[in-house]
Amino acid sequence: MRTRNYSKKREAILAKIRSTTTHPTAEWVYQELKPEYPDLSLGTVYRNIGLFKEGGEIVSVGTVAGQERFDGNVAPHGHFVCRICRAVIDFDDPVERSEAATHLEDIGHRAERVDVTAYGICKVCLEAA
């Protein structure tokens, strides 16, 4: 991880991502912080998110409804994406990650991270149907 100069905006962006379990988009982070930092640009949010991903401080959950979503919780866990409401929900996944990494190594690859993402309909949407 490269060294970065301290920036109140940078720290606010990271804190905002870490303060929620909604797996926000860069746009959401920008809209949340804009009132407090009127000179904040969406480009600044994207650049800093890139630095946080590169440094392992956050992870990308993937693209949901055309927008990349992020997670400030970097501990191993799975994600469930609802195809109706687009919610991204954390879950303790039962997959043995070391088995997946070992299998990949056996066939000539080196996994640096193993993610589990499930897709379907969440409990709230099922109950509303």
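The values are calculated or read from the model by the stated rules, or taken from the named source; none is laboratory data. Worth saying up front: this structure is predicted, and the values here are computed from it rather than measured. Cβ atoms come from the backbone with ideal geometry, glycine included; neighbour counts cover every protein chain shown. Each accessible area value is taken on the protein alone, full model and side chains, heavy atoms only, with ligands, DNA and RNA left out. Shrake-Rupley method; radii C 1.70, N 1.55, O 1.52, S 1.80 Å.
So, H109, is that one in contact (Cβ under 8 Å) with a residue 12 or more places away in the chain and either within 13 Å of the chain's Cα centre (by Cα) or more than 16 Å from E11 (Cβ to Cβ) (or both) or not?
Values: in contact (Cβ under 8 Å) with a residue 12 or more places away in the chain: no; either within 13 Å of the chain's Cα centre (by Cα) or more than 16 Å from E11 (Cβ to Cβ) (or both): yes.
No: the conditions fail for H109.
Taking interchain pairs and intrachain pairs at least six residues apart, which have beta carbon atoms under 8 angstrom, with the first residue in the stretch 45-67 and within 20 Å of A87 (Cβ to Cβ) and the second among the polar types (S, T, N, Q) and open to solvent by less than 70 Å² (accessible area, probe 1.4 Å)?
Every condition considered, the pairs that remain are V61/T117; G62/T117; Q67/T25.
Per-residue answers, yes or no, for (1) β-branched (V, I, T); (2) surrounded by 15 or more Cβ atoms within 10 Å (Cβ to Cβ); (3) modelled with pLDDT of 95 or more; (4) under 12 Å from the mean Cα position of the chain (by Cα):
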{"residue": "P24", "(1), (2), (3), (4)": "no, yes, yes, yes"}
{"residue": "Q31", "(1), (2), (3), (4)": "no, no, yes, no"}
{"residue": "L40", "(1), (2), (3), (4)": "no, yes, yes, no"}
{"residue": "Y46", "(1), (2), (3), (4)": "no, yes, yes, no"}
{"residue": "A75", "(1), (2), (3), (4)": "no, no, no, yes"}
{"residue": "I89", "(1), (2), (3), (4)": "yes, yes, yes, yes"}
{"residue": "D93", "(1), (2), (3), (4)": "no, yes, no, no"}
{"residue": "A100", "(1), (2), (3), (4)": "no, no, no, no"}
{"residue": "V116", "(1), (2), (3), (4)": "yes, yes, no, no"}
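Can you name every one of the helices (runs of 4 or more DSSP H) wholly within the stretch 1-119 that holds 3 or more residues which are touching a strand residue (DSSP E or B) at 6+ places or on another chain (Cβ under 6 Å) and farther than 30 Å from A129 by Cβ? Quick ask: steps written out before the conclusion?
Details: elements: 8-18, 26-33, 42-54, 97-106.
Here the list is empty.
Collect the residues in the stretch 1-22 that are modelled with pLDDT of 95 or more and open to solvent by less than 60 Å² (accessible area, probe 1.4 Å), keeping them in residue-number order.
K9, R10, A12, I13, L14, A15, K16, I17, T20
Consider the stretch 53-88. How many of its residues are among the aromatic types (F, W, Y) and out of contact with any helix residue (DSSP H, G or I) (no Cβ under 6 Å at 6 or more places or on another chain)? Steps first, answer last, please.
The initial filter retains those residues of the stretch 53-88 that are among the aromatic types (F, W, Y), namely 70, 80.
Adding the requirement that they be out of contact with any helix residue (DSSP H, G or I) (no Cβ under 6 Å at 6 or more places or on another chain) leaves 80.
Looking only at that region, the number is 1.
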